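Written out below as structure tokens is the structure these notes cover.
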């Protein structure tokens, strides 16, 4: 029997993989599928982004730079200035990523000594599964913090004993799966807490541009010391398959992450940089996508409100976080819907500590017409 890294014994099937397998079974049975499971929007990247990609593919494609092109870093700096009114240095504060998930997964390697006692990683639960899995592979100790009914993350309520052992704290605002947004005051409180206990604070701001009312604040607005923010083009620009994002913040940690990523060769390709450059330069297409997601949400919110069901996600992201309206668990209710062709994500899929088990998440992926058809079908099942 081959000897494996013992971490594999602690891994369960990745949530999206399990969902895809069950969806395939229903599809084989001949059911029409309305897929609200995985956040992979059907709206394509703008034509000007696709054209920039095509133009950048040269007969000879040499090795790209770990730091990315000057042009894409300049574009990112301009975006940060427009969006958050902050001036950052393209040489010190920015590093392009091969998608946000890559940055999330590798971040713990910067701070975790697997032989040390202080190797705790704190994150909200439910939350993005990669926070826990990244901690696991780095040899850290996950400390998921159960979120209350308002889904506001309040790490300042943690015991001091935990904070003293914490090396990395994850924020996620707007939050996946609930869509809840942290205020700038709360972000400042978390940043101050992390600086007090010498904790690296990393804010996953993947959904910063997918909002329904006021633009969410950034951890960067609390100052750059000991903080990093991760952004992505996946939902913002319909570029999930491009795998493009960036991390920005404290120059000390940016340099360390640069050194780390140079070793396995985690480098965005030059033609992806070209597409990312023009995507970060433009805000109009993002406003159009926001409106599409907003219209899709309205269809479901009207139905949920009509039924008197409890739902979060009105403020941001392309998700709705619905409390199961029956006595079933989120997983059982999701299976019930799946049998009828409606694919949603059970809430416990986002938890490592048995939280969110009475919720389901809907990603606003299908077309407006399919959203309307789904509500009609769902209404018939009540």
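Computed from the C-beta positions of residue 5 and residue 306 and an R0 of 56 Å, the FRET efficiency is 0.65 to the nearest 0.05. Compared with the direct C-alpha span, the chain from residue 260 to residue 195 gains 21.1 nm at full extension, assuming 0.36 nm per residue. Counting neighbouring Cβ atoms within 10 Å and putting the fewest first, the residues 47, 102, 295 line up as 47, 295, 102.
Based on alpha-carbon positions alone, could you give the equivalent ellipsoid semi-axes of the chain from the gyration tensor, as √(5λ), descending, whole Å? Don't skip to the answer; put the middle values down first.
Working: eigenvalues 202, 136, 90 Å².
In descending order the semi-axes read 32, 26, 21 Å.
Can you figure out the FRET efficiency of residue 213 with residue 48, using R₀ = 35 Å and their beta-carbon distance, to the nearest 0.05? The value I calculate is 0.80.
Please arrange 122, 145, 57 by counting, for each residue, the other beta carbons lying within 10 Å of its beta carbon, fewest first.
57, 145, 122
Look at the alpha carbon pairs under 8 Å that are at least 6 residues apart: their mean separation over the length of the chain gives a relative contact order of 24 percent. Full extension of the chain between residue 369 and residue 221 gives 49.3 nm of extra length, using 0.36 nm per residue less the Cα-Cα distance. Rounded, prolate or oblate for the stretch 1-108? Axes are the square roots of the Cα gyration tensor eigenvalues, ordered a ≥ b ≥ c, and the cut-off for rounded is a/c under 1.5. Prolate, since a/c reaches 1.5 and a/b exceeds b/c. Of 8, 300, 271, the sequence from fewest to most neighbouring Cβ atoms within 10 angstrom is 8, 271, 300.
Please list 103-109, 339-345 highest first by mean number of surrounding beta-carbon atoms within 10 Å per residue.
103-109, 339-345
The separation of the stretch 352-382 from the stretch 268-315, counted between C-alpha centres, amounts to 16 Å. In plain terms, the chain from residue 314 to residue 92 could stretch by 76.3 nm, reckoned as 0.36 nm per residue minus the Cα-Cα distance.
For the chain, what proportion of DSSP beta bridges, expressed in % and rounded to the nearest 5, is antiparallel? In the chain, approximately 50 percent of DSSP beta bridges are antiparallel ones. So if R0 is 56 Å, what FRET efficiency would residue 154 and residue 25 give, r being the distance between their Cβ atoms, rounded to the nearest 0.05? The value I calculate is 0.90.
Read-outs throughout are calculated quantities, based only on the coordinates presented, and are distinct from any laboratory measurement. Computed from a predicted model, the values in this text were never measured in an experiment. Here the Cβ is made from the backbone with ideal geometry for all residues, glycine too, and neighbour counts use every protein chain on show.
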